[in-house]
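Presented below is the structure to which this report refers.
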């Protein structure tokens, strides 16, 4: 069973130029669906849905927090 979680990801200046989403997909086998974003040299944010197997989504969110991305949950988990 796969799930989707709606989140706002806030990136500090030191991560704006890093391939964080590419690593997220590669290392955690999840699919981010970007709905809206704003990125400049000093900071950035992305509104997205992160989908995948429940354990993969949870590990992806934990990893994002561990590297310094602020993760705000925006709603319920959507099971699909």
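The values are calculated or read from the model by the stated rules, or taken from the named source; none is laboratory data. Computed from a prediction, not measured in an experiment: that's the story for all the values here. Every residue, glycine as well, gets a Cβ built from its backbone with ideal geometry; the counts of neighbours run over all protein chains shown.
General remarks:
- Test: residue in the range 35-45 that is touching a strand residue (DSSP E or B) at 6+ places or on another chain (Cβ under 6 Å), under 14 Å from residue 15 (Cα atoms), in contact (Cβ under 8 Å) with a residue 24 or more places away in the chain and part of a strand (DSSP E or B): yes
- Test: residue 78 is part of a strand (DSSP E or B) and surrounded by 17 or more Cβ atoms within 10 Å (Cβ to Cβ): no
- Residue list for the range 62-80, filter: modelled with pLDDT of 95 or more, under 10 Å from residue 7 (Cα atoms) and out of contact with any helix residue (DSSP H, G or I) (no Cβ under 9 Å at 6 or more places or on another chain): 72
- Filtered by the rule that a residue be loosely packed, with under 14 Cβ neighbours inside 10 Å and within 19 Å of residue 65 (Cβ to Cβ), the range 1-33 gives 12, 13, 14, 18, 19, 22, 26, 27.
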